[in-house]
Amino acid sequence: MSNAFSWVFLAALAAATLMRLWLALRQMRHVRAHRDAVPATFATVIPLSAHQKAADYTVAKVKSGEVGVVLDAMVLLALTLGGVLQWLSSKWEALLPLDSIWHGVALIVTVVALRMLIGLPLTLYRTFVIEQRFGFNKMTAKLFITDMAKGILLGVALGVPLLVVVLWLMGAAGSYWWAYVWIVLALFAVFMQLIVPTFIMPWFNKFSPLQDAALVERVERLLARCGFRSRGLYVMDGSKRSAHGNAFFAGVGASKRIVLFDTLVERLTPGEVEAVLAHELGHYKLNHIKKMLAIGFAETLAGLFILGLLVDQAWFYQGLGVQSQTLAIALLLFMLVSPAFTYFLEPLQALRSRKHEFEADAYATQHAQAADLTQALIKLYKDNAATLTPDPLHSAFYDSHPPAATRIARLRTA
Ligand SMILES: [Zn+2]
């Protein structure tokens, strides 16, 4: 049942889980310790009550995150060493031949559905208890259910055909199958970039052209200054789900568009909207999006190459509590357990992302007013109840954005 690899897996999972819990604890302690005073950088712009709300909101989110970490580890252990995966595989084997693609599809879909179901109470708690308590939730039960139904439908319509192609290539494309699978996944990622903004997002949200003529003119001048051509400037009804605000660019080539949350347009002055967009344009112009996509492709290739080495190794299956050896089981095990092994690489990704944020801020100060961006960020920190006093280690490990104080300090010297 178990071998040396079981112990390697257990050690990796324990290390990642304990590190997650320890960082969460540090974050809660740090935020609580700084709850009673607004940091000096923000003393004149953020009231104590807002700062305390941010502290309580952060602690509530971190606590629910801890529950998620423990739950994930338990589910993973039950599936692998606990024998649930082997049991499910045997059950499906009564209906479908073990080596068939459809046995693999059935097994993988079952595990994905199971994990979704187990995670559902926590998702509900986050949306309808935490977000609700802090006044951010605008989601109704009806909208939650429709969203989920649409998500499942999309997952089945896009995910199952992709899975069938991947499993077929794994079995039929010879020893270099991992290279072919990589090409298919890369093409699929590009295809998603094209259809997400044009077909998928409009299914969940309403996009209307930006109405405010003065703001449109201002943004168009900014786009011309930066030499950026887009296929449209849209406002999205983000307020139907949440009071959190955002702005983003979506799509590539002909489907490229700029999207502003209605909550953002309402809360920010035209100058501030311009500065936020200049920051987003910075990400685009400095090729951050392409770089991240390229890194993602490289990681996928490395992962598939390793999977190519593992599919024929009995110790890989047996070490993870599975006796039946099929390509689909190897793929499933790999997807389930690799996060435990790559967890300690996450800070690298976060570091790169924070570097990009600084670069985009610098770009924004060249093409819009630094003071506007500062103001916009302060409003966003306040409105989103984002903590101004994160634990430095927690922030270094996870945060995709630099800590508020560091970021504002840099903008003020720009
Ligand atoms: Zn950014």
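The values are calculated or read from the model by the stated rules, or taken from the named source; none is laboratory data. Predicted model only: the values in this text are computed from it and were never measured. Please note: Cβ atoms are built from the backbone with ideal geometry, for glycine as well, and neighbour counts cover all protein chains shown. Calculation scope for accessible area: heavy atoms of the full protein, side chains included, ligands and nucleic acids excluded. Shrake-Rupley method; radii C 1.70, N 1.55, O 1.52, S 1.80 Å.
Brief remarks follow.
- Number of the condition not met by LEU320 [criteria: (1) touching a Ser or Thr at 6+ places or on another chain (Cβ under 6 Å); (2) within 16 Å of the ligand (Cβ to nearest atom); (3) among the hydrophobic types (A, V, I, L, M, F, W, C)]: (2)
- Evaluation of ALA33 against (1) touching a helix residue (DSSP H, G or I) at 6+ places or on another chain (Cβ under 9 Å); (2) open to solvent by 40 Å² or more (accessible area, probe 1.4 Å) (one fails), failing number: (1)
- Residue check, ILE295 closer than 21 Å to ALA106 by Cβ, away from the ligand (no atom under 16 Å from the Cβ) and in a helix (DSSP H, G or I): no
- Among residues that are more than 30 Å from THR80 (Cα to Cα) and of a type in the set (Val, Ile, Thr), THR17 is not included.
- Selection within segment 225-241 - within 18 Å of GLY282 (Cα to Cα) and not in a loop (DSSP other than H, G, I, E, B): ARG225, LEU233
- Residue within segment 366-373 that is under 30 Å from TRP22 (Cβ atoms) and either at pLDDT below 95 or open to solvent by less than 50 Å² (accessible area, probe 1.4 Å) (or both) present: no
- Filtering PHE128, PHE136, PHE188 for residues that are more than 19 Å from the chain's Cα centre (by Cα), open to solvent by 40 Å² or more (accessible area, probe 1.4 Å) and farther than 22 Å from ASP312 by Cα leaves a single hit, PHE128.
- Pairing each residue of segment 156-179 that is more than 19 Å from LEU310 (Cβ to Cβ) with any residue that is open to solvent by 40 Å² or more (accessible area, probe 1.4 Å) and not aliphatic (A, V, I, L, M), provided the two are 6+ apart or on different chains, yields C-beta distances under 8 Å for LEU162/PHE188.
- Residues (without any contact (Cβ under 8 Å) to a residue 24 or more places away in the chain and under 19 Å from PRO197 (Cβ atoms)) located in segment 217-228: none
- A count restricted to segment 350-400 and to residues that are away from the ligand (no atom under 15 Å from the Cβ), part of a loop (DSSP other than H, G, I, E, B) and of a type outside the set (Ser, Thr, Tyr) stands at 5.
- Residues that are under 25 Å from PHE199 (Cβ atoms) and open to solvent by 40 Å² or more (accessible area, probe 1.4 Å), drawn from segment 165-181: VAL165
- Residues (in contact (Cβ under 8 Å) with a residue 60 or more places away in the chain, under 15 Å from ALA414 (Cα atoms) and open to solvent by less than 50 Å² (accessible area, probe 1.4 Å)) located in segment 349-361: ALA360, ASP361
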